[in-house]
Amino acid sequence: MKVMFEKTESLTSNKSIYCPGCNHGLIHRLVAEAIDNLGVREKAYGVAPVGCSVLLYDYFNIDVVEAPHGRAPALATGAKRVRPDMVVFTYQGDGDLASIGMSEIIHAAGRGENITVIFVNNANYGMTGGQMAPTTLPGQKTTTTPMGRDTHSHGFPFRMAELIGSLPAVAYSARVKVTDPKNVMKASKAILKAFKNQVDNVGFSFVEVLSTCPTNWGMTPVDALKFVDEQMESYYPLGTFKDIQEEE
Ligand SMILES: Cc1ncc(C[n+]2csc(CCOP(=O)(O)OP(=O)(O)O)c2C)c(N)n1
Ligand code: SF4
């Protein structure tokens, strides 16, 4: 019988503690598949953030280190420079990457470190109860913006994939979503490319994945997917914002 689905080698069999309908689990799977496809499981080295994916080592069957808040790109830089043979990636939420660790990510991208960054944008601080993040949409209600994000006093959200893509030393920056099978396939390709770039020494590669947080958004998993499609994507367009291989 043809095998339609099996566990990836780079994931453990541990049960996830993510909330029902959260996209973190699916995004983990895509990262693990990329590592398996490239045959680099033994050389893979993940750097976990603060936030809901802090327990990355429970789910990935690879070496994972826990970085202090927002410092994953700095830790990944050190690891990759000491062991260039390793395949080093960070996996970060929007609070971790675009708020607490904004400086670290911009400088790592500015230096063009040969690492892979997976950025999960769910428009709020998930783990700590749904506070406003730098990515919260204008008008979006969170626990710290109960009247909705007011751009006059809270500023505008950062479009990280565009920002990173504007830096000269960056090799690849893209934004994807995982709300349906077609887009999961596109996300899978982008994540694979971001890892392959590192293996091929192409340079700093960044993939932003629009993601759900049904718990803090106060939505069903289905409505949360619709929110990504109908609200998030209009502020955060999908696409490739930098690809030096395409430019050559
Ligand atoms: C310097 C600092 N600021 C804030 C916190 C609290 N904190 C821990 S996890 C977290 C949320 C991170 O959210 P995000 O990165 O968006 O990931 P998610 O949980 O949504 O996946 C916060 C604010 C902290 N521990 N230290
Ligand atoms: S709080 Fe949000 S981001 Fe965290 S596991 Fe639950 S749904 Fe996912």
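The values are calculated or read from the model by the stated rules, or taken from the named source; none is laboratory data. Source: prediction; values computed, not measured. Cβ coordinates were reconstructed from backbone atoms using ideal geometry, including for glycine residues, and neighbour counts include every protein chain displayed. Note: accessible area is taken over every heavy atom of the protein model, side chains too, but ligands, DNA and RNA are not part of it. Shrake-Rupley method; radii C 1.70, N 1.55, O 1.52, S 1.80 Å.
Couple of notes before you dig in:
- For region 193-248, taking the reciprocal of the average inverse distance between every pair of different Cα atoms yields a Kirkwood hydrodynamic radius of 13.5 Å.
- In the chain, helices alone account for a calculated mean residue ellipticity at 222 nm of -9500 deg cm²/dmol, with every DSSP H run of four or more residues adding -39,500 (n - 2.57).
- Bins of 5 Å, starting at 0 and running to the largest distance - Cα pair percent for region 9-82: 3, 16, 25, 25, 20, 9, 2, 0
- Altogether, the Stokes-Einstein calculation at 37 °C and 0.692 mPa s, with the Kirkwood radius of region 1-40 over Cα pairs as Rh, returns a diffusion coefficient of 288 µm²/s.
- Debye-formula intensities of the chain, expressed as log10 I(q)/I(0) at q = 0.10, 0.11, 0.12, 0.17 Å⁻¹, are -0.43, -0.52, -0.63, -1.31 (one equal scatterer per alpha-carbon, no solvent).
- Dimensions of region 1-147 based on its C-alpha atoms, expressed as ranges along the principal axes with the largest first, amount to 53, 43, 20 Å.
- Sorting Lys189, Lys15 by accessible area puts them as Lys15, Lys189; the probe is 1.4 Å, largest comes first, and only protein heavy atoms count.
- The chain: most fluctuating residue of Thr212, Thr135, Thr143 per GNM, C-alpha cutoff 10 Å: Thr143
- Charge dipole (Cα centre; +1 on Lys/Arg Cβ, -1 on Asp/Glu Cβ; no other charges) of the chain amounts to roughly 160 debye.
- Phe204, Phe5, ranked by accessible area, largest first (probe 1.4 Å): Phe5, Phe204
- Available extension along the chain between Lys182 and Glu9 is 59.9 nm, counting 0.36 nm per residue and deducting the alpha carbon span.
- Each part gets one Cα centre, and for region 214-244 versus region 136-191 those centres are 8 Å apart.
- Carbon + sulfur, % of accessible area of the chain - ligands and nucleic acids excluded, 1.4 Å: 57
- The Cα trace of region 93-225 gives Rg and Dmax of 15.4, 48 Å, the first to one decimal, the second as a whole number.
- Summarising the amide proton neighbourhood of Phe241: residues at separation of 5 or more, or on other chains, whose placed amide H is nearer than 5 Å comprise Ser173, Ala174, Arg175.
- Heavy-atom accessible surface of the chain, averaged per residue, reaches 45 Å², computed with a 1.4 Å probe.
- For region 150-248, diffusion coefficient by Stokes-Einstein and Kirkwood Rh (Cα), 10 °C, 1.306 mPa s, µm²/s: 108
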